[in-house]
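The values are calculated or read from the model by the stated rules, or taken from the named source; none is laboratory data. For clarity, every value in this text was computed on a predicted model and none was experimentally measured. A quick note on method: Cβ atoms are made from the backbone with ideal geometry, for glycine too, and the neighbour counts reach across all protein chains shown.
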Amino acid sequence: MAENQTDADLLRRAARGEESAFAVLYERHRAAIYRFAYRFLGSRTLAEDVTQECFLALVRRPEGYKPEKAALRTYLCAAARNLSFKQLRKLGVETLMDETPEPAMTTETPTPLQALLDDEISGRVREAVEGLPPLQREAIILFEYEEMSLVEIAAIADADVGTIKSRLHRARERLRRSLAPWMTERKAAHAAEMRT
């Protein structure tokens, strides 16, 4: 069964033209690559393009992936990163600078008001993340959303772990400052509701 094979074995088979092996690889990793690209670029169309380009490049140049160096997911995220930065450059976004001037799942069914508030919070956080400089956005998306380790992120970003820690710290501080006025406003509104 192709589903039980390692990524390296499947890639070798896919490089020989076995479509079923490629399909298994694609299904294993497509969602993670798409999520990263979408959160990084903020565009479904661009994220779809980046995801497709990643997998096409993988099949065209399977020798580029070295299983002894990194997991395939890490390799694909690095490719998605490079393609995403390329897209940002096409859009005229500065990508070299590190500085520039989802709700928890519950088993309870949320009330309509709670669902609305959750959507509002999610939207505010998404906007704040999209407002981060690209290198900080990349670090926060890979660490918080994709749950990658600092070592994996460093491999993807071709940086050392200390640099990634620094980017995460700056991203979190920037998010805290960005969301603080809204959080203060929400707390005041909640306190007012409780008094009535």
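Just name the residue that is surrounded by the fewest Cβ atoms within 10 Å (Cβ to Cβ) out of those in region 150-179 that are farther than 19 Å from N82 by Cα and of a type in the set (G, A, S).
It comes out as G162.
May I ask you to verify whether E48 is under 29 Å from K90 (Cβ atoms), in the same structural domain as T74 (by TED's automatic domain parsing) and either surrounded by fewer than 16 Cβ atoms within 10 Å (Cβ to Cβ) or not aliphatic (A, V, I, L, M) (or both)? Steps first, please.
Numbers: under 29 Å from K90 (Cβ atoms): yes; in the same structural domain as T74 (by TED's automatic domain parsing): yes; either surrounded by fewer than 16 Cβ atoms within 10 Å (Cβ to Cβ) or not aliphatic (A, V, I, L, M) (or both): yes.
Taking the combined requirement at face value, the residue satisfies it.
Scan region 135-158 for residues that are in contact with a Cys (Cβ under 6 Å, 6 or more places away or on another chain) and either assigned by TED's automatic domain parsing to the domain that holds S84 or in a loop (DSSP other than H, G, I, E, B) (or both) and report the count.
Of the residues in region 135-158, the ones in contact with a Cys (Cβ under 6 Å, 6 or more places away or on another chain) are 156.
Okay, now just the ones that are also either assigned by TED's automatic domain parsing to the domain that holds S84 or in a loop (DSSP other than H, G, I, E, B) (or both), so none.
Residues meeting the conditions: 0.
Looking at region 159-196, which of the residues that are at pLDDT 90 or above and part of a loop (DSSP other than H, G, I, E, B) is farthest from F40 (Cα to Cα)?
Here the answer is D160.
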